[in-house]
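Trainee: One structure coming up, written as structure tokens, with questions to follow.
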Amino acid sequence: MLKSLPKIVLCTVFGAMIAVGSAYAGSKLNLVINDQAFETSYLDLQVEDGKVLVPIDRLAEVFKGKAVYNANKNEVQVTLPESAQQAVQIDRLESAMVPSTAKEALNTWVKGIQTRNGALQYAVFSPELRSKTKKEFEDHYWTTGGSSPHMSEIEKLKTKSLSKSTTQFSFDYGLVASNWKGKGSAVVTVKKTMTSNGYEAWYVTNIKMKDPSDTGTTIGVEPIKK
């Protein structure tokens, strides 16, 4: 029996492995997704010129969907489960949130902290910062922070240009609990990057806080060195 796959990995795996095929010899390739090994004899995985190929109907079936050849339209009609549609939806939402300015990237990250929304924070992380933090976000079910205290408005915002493509923000922020108020401080570095579709975008590359734990579980943050 094939082991079940995490929902969000479906779209990525499907896009990376998709290929139409009919005559495949028995495959001895191993398939490992997110460090989890899966039975592959039914899929008949093949590698040709560095590309991974698999019959699309078998792949769709494994992921609880189906692929049907329509001779009248000369096309293959693929139906995928809801999880694949959710992955596409998330991708579209993140595309709509691509920060066009450094300040927009900062504001989105701050809102993510204030609302304890890990997915919102992750959406404006650079690829490098994403690779470092994804597992931790997943382990916390994309929720960060804690019940108390939480970050309120930022104050004393200072902007420093490190280069034409890199901006650094330093600021204080309020800390609010049920019967207590305090202050914290942070330094956030944002860098302009070219996206895969050719657009310029600004992403958070580094976050430092005076006390990374003062807002609870704050992922991707380093302490400010004294």
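The values are calculated or read from the model by the stated rules, or taken from the named source; none is laboratory data. Predicted model, so just to flag it, every value in this text is computed and none were measured. To get the accessible areas, we keep the full protein, side chains included, count just its heavy atoms, and leave off ligands, DNA and RNA. Shrake-Rupley method; radii C 1.70, N 1.55, O 1.52, S 1.80 Å.
Trainee: From the C-alpha gyration tensor of the stretch 161-226, pull out the three semi-axes of the equivalent ellipsoid (sqrt of 5λ each), sorted largest to smallest, in whole Å.
Mentor: That gives 29, 13, 10 Å for the three semi-axes.
Trainee: Just to verify a number: what accessible area does LEU120 come out at with the full protein assembly present, 1.4 Å probe, Å² rounded to tens?
Mentor: 30
Trainee: Ratio of alpha-carbon Rg to the 2.2 N^0.38 Å globular estimate for the stretch 94-226, to two decimals, please.
Mentor: 1.01
Trainee: Order TYR199, TYR173, most accessible first, counting only protein heavy atoms with a 1.4 angstrom probe. Let's see the in-between values first.
Mentor: Values: TYR199 150, TYR173 0 Å².
The ordering from most to least exposed comes out as TYR199, TYR173.
Trainee: Tell me the per residue accessible area of the stretch 77-226 using a 1.4 Å probe; a whole number in Å² is fine.
Mentor: Normalised by residue count, the accessible surface of the stretch 77-226 is 59 Å².
Trainee: Further question on the same structure: Could you state how much accessible area TRP142 has, in square angstrom rounded to the nearest 10, with a 1.4 Å probe and all protein chains kept in place?
Mentor: Rounded to the nearest 10, the figure is 80 Å².
Trainee: Would you rank ARG130, ARG116 by solvent-accessible area, highest first, keeping every protein chain in place and using a 1.4 Å probe?
Mentor: From most exposed to least exposed: ARG116, ARG130.
Trainee: What's the Kirkwood radius of the stretch 103-143 in Å, using all Cα pairs? Each step should come with its number before you reach the end.
Mentor: Details: mean 1/r = 0.0991 Å⁻¹.
Answer for the stretch 103-143: a Kirkwood hydrodynamic radius of 10.1 Å.
Trainee: Still on this model: Considering only Cα-Cα distances, which of the following residue pairs are longer than 19 Å: LYS132/LYS208; LYS103/LYS134; LYS134/LYS160; LYS183/LYS226; LYS181/LYS210; LYS160/LYS183?
Mentor: Result: LYS103/LYS134; LYS134/LYS160; LYS160/LYS183 exceed 19 Å.
Trainee: Run the reach check for LYS156 against aspartates and glutamates, Cα to Cα strictly under 18 Å, same-chain hits fewer than 8 apart removed. What comes back?
Mentor: LYS156 reaches GLU104, ASP172, ASP211.
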